[in-house]
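Take a look at the structure below.
The values are calculated or read from the model by the stated rules, or taken from the named source; none is laboratory data. No experiment lies behind these values; they were computed from the predicted model shown. Here Cβ is always computed from backbone atoms with ideal geometry, including for glycine, and neighbour counts include all displayed protein chains. Keep in mind that these areas ignore ligands, DNA and RNA; they rest on the heavy atoms of the full protein, side chains included. Shrake-Rupley method; radii C 1.70, N 1.55, O 1.52, S 1.80 Å.
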Amino acid sequence: MVQDPSCLFCKIVERKIPSTVVYETDDALAFRDIHPQAPVHIVIVPKKHIPTITDVTLPDLHLINALFVAGNRIVEEEQIRDKGFRLVMNCRRDGGQTVDHLHLHLLGGRQMHWPPG
Ligand code: 5GP
Ligand code: ZN
């Protein structure tokens, strides 16, 4: 699989940087955020390096599917499925994206607020 050697999340996928992995499939990896914003804060990434959501091509659409499937499994394991949770994907500068490897944030374990900051 072609990866970006300078990408933080590629390094986490390749286990060159340690993380607390909570879920893994052939297509996706989920690990605990290093600066959690909620009692449950998990980052779900495609193993393939895709910078952001606008870079997703038709052949890669199944990878987006894999992120949500992973999310559905994780909320069961974290026991937040019924109480509720939030899935967030930040995109580029104004969206607050700081790591240019597409990822879904899964946040839960507390009341979320709207609008987000
Ligand atoms: P973004 O701001 O791009 O939407 O999300 C990037 C997330 O990655 C942030 O919530 C940040 O705390 C998390 N993060 C940054 N570096 C690391 C790291 O080395 N390990 C882990 N587990 N999370 C990280
Ligand atoms: Zn990457």
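Please work out the Cα center distance from the stretch 88-117 to the stretch 8-74, rounded to the nearest Å. The two parts, judged by their Cα centres, are 13 Å apart. Cysteines of the chain lacking any other cysteine Cβ under 4.7 Å from their own Cβ: Cys91.
The amide H of Val22, built 1.01 Å from its N in the peptide plane, has Ala30, Phe31, Arg32 as neighbours under 5 Å, considering only residues 5 or more places off or on other chains.
Taking a ≥ b ≥ c as the square roots of the eigenvalues of the Cα gyration tensor, an a/c ratio below 1.5 marks the stretch 8-108 as rounded. Put a dot 7 Å past the Cα of Ile53, heading toward its Cβ, do the same for Thr25, and the two dots end up 1.9 nm apart.
Heavy-atom accessible surface of Ile53, to the nearest 10 Å², is about 70 Å², with a 1.4 Å probe and all protein chains retained. Only helical runs count toward this figure. For the chain, summing -39,500 (n - 2.57) over DSSP H runs of n ≥ 4 and dividing by all residues gives -6500 deg cm²/dmol at 222 nm. Taking the C-alpha atoms only, the angle from helix 61-77 to the longest principal axis of the chain is near 40 degrees.
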